[in-house]
Every structure is written in C-alpha cells, then in structure tokens.
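Here is the structure we will look at.
The values are calculated or read from the model by the stated rules, or taken from the named source; none is laboratory data. Source: prediction; values computed, not measured. Ideal geometry is used to build each Cβ from the backbone, glycine not excepted, and the neighbour counts take in all protein chains shown. Heads up: the accessible areas ignore ligands, DNA and RNA and are worked out on the full protein's heavy atoms, side chains in. Shrake-Rupley method; radii C 1.70, N 1.55, O 1.52, S 1.80 Å.
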Amino acid sequence: QVQLVESGGGLVQAGGSLRLSCAASGSDFSISAMGWFRQAPGKERYMVARISSGDSTNYGDSVKGRFTISRDRAKNAVYLQMNSLKPEDSAVYLCAAGESWTPNGYQFDYWGRGTQVTVSS
C-alpha cells in the first residue's frame, strides 16, 4: 500500500521559513516525478513545485525564487524549502508522486493527506 506522509508544517511569521518533508512508502518513487501542491479554503489546488525523474524542476509563478524542491532517492523522500513566506502562502500542502498519462495530461497517481502551513502577518 502506497503512503505519502507529509511533515514540517506549522505557524510562522511572514518572512520566515519552513521545510516540508514527504516520506513515501509502498513503492519506489526514486525514478518518478514528485511534487508539492497546496490548497487553501475555497481555492483550487495549486501546483507549487515539481521535480522530474531526471531532477529538473518547475515552480508555480507565485513561489519562484522563494521555494526550492529537492529529493533524496535513497530515502524515497521529497522536500520543499520555503523561504520569505507570505500570508498568501497559507494552505494545506500536499505531496504527490508517480505520474500517469491521462487525456488531460500527466497527473499524479498518489497523494498525501497534507500538512497545514499558516503564515501570520
């Protein structure tokens, strides 16, 4: 059974930093894409960052230059370093792994339950 477990969320003041971790089990994602998404109340899920099987990265426009995604293949884990946090970054952050092709494009197959990030002004 595949599990993705996020950790590292919390309450931080604007301008601060947090590092999120996602530990995967039940499948080897070391050669798969992994990503981070966020969802705030009343808003659509937003792609924060993605790292490909070849370690190329891409980011949502609102986090470019502030957030960094990385992975540890040996630990089957992905991380999100978040700097210069803003109140609008507040959301539940979800880890995703394993992409499959669909008629709507590549989509992640597996999702964690999320970790709350709250940035106070």
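Could you grab me the full set of residues in region 15-28 that are of a type outside the set (S, T, N, Q) and open to solvent by 50 Å² or more (accessible area, probe 1.4 Å)?
Correct list: Gly15, Arg19, Ala23, Gly26, Asp28.
Okay, residues lined up against (1) open to solvent by 60 Å² or more (accessible area, probe 1.4 Å); (2) within 15 Å of Gln116 (Cα to Cα):
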site: Ser30; (1), (2): no, no
site: Trp36; (1), (2): no, yes
site: Gln39; (1), (2): yes, yes
site: Phe67; (1), (2): no, no
site: Ser70; (1), (2): no, no
site: Met82; (1), (2): no, yes
site: Glu88; (1), (2): yes, yes
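Would it be correct to say that Gly35 is under 10 Å from the mean Cα position of the chain (by Cα) and in a strand (DSSP E or B)?
Here the answer is yes, as Gly35 does meet what is asked.
Quick check on Val12: is it closer than 15 Å to Val119 by Cβ, open to solvent by 30 Å² or more (accessible area, probe 1.4 Å), aliphatic (A, V, I, L, M) and in contact (Cβ under 8 Å) with a residue 24 or more places away in the chain?
So Val12 fails the test.
For Ser121, which of the numbered conditions (1) open to solvent by 30 Å² or more (accessible area, probe 1.4 Å); (2) among the small types (Gly, Ala, Ser); (3) touching a residue at least 40 places away in the same chain (Cβ under 8 Å); (4) closer than 15 Å to Val2 by Cα fails to hold?
The single condition Ser121 does not satisfy is (4).
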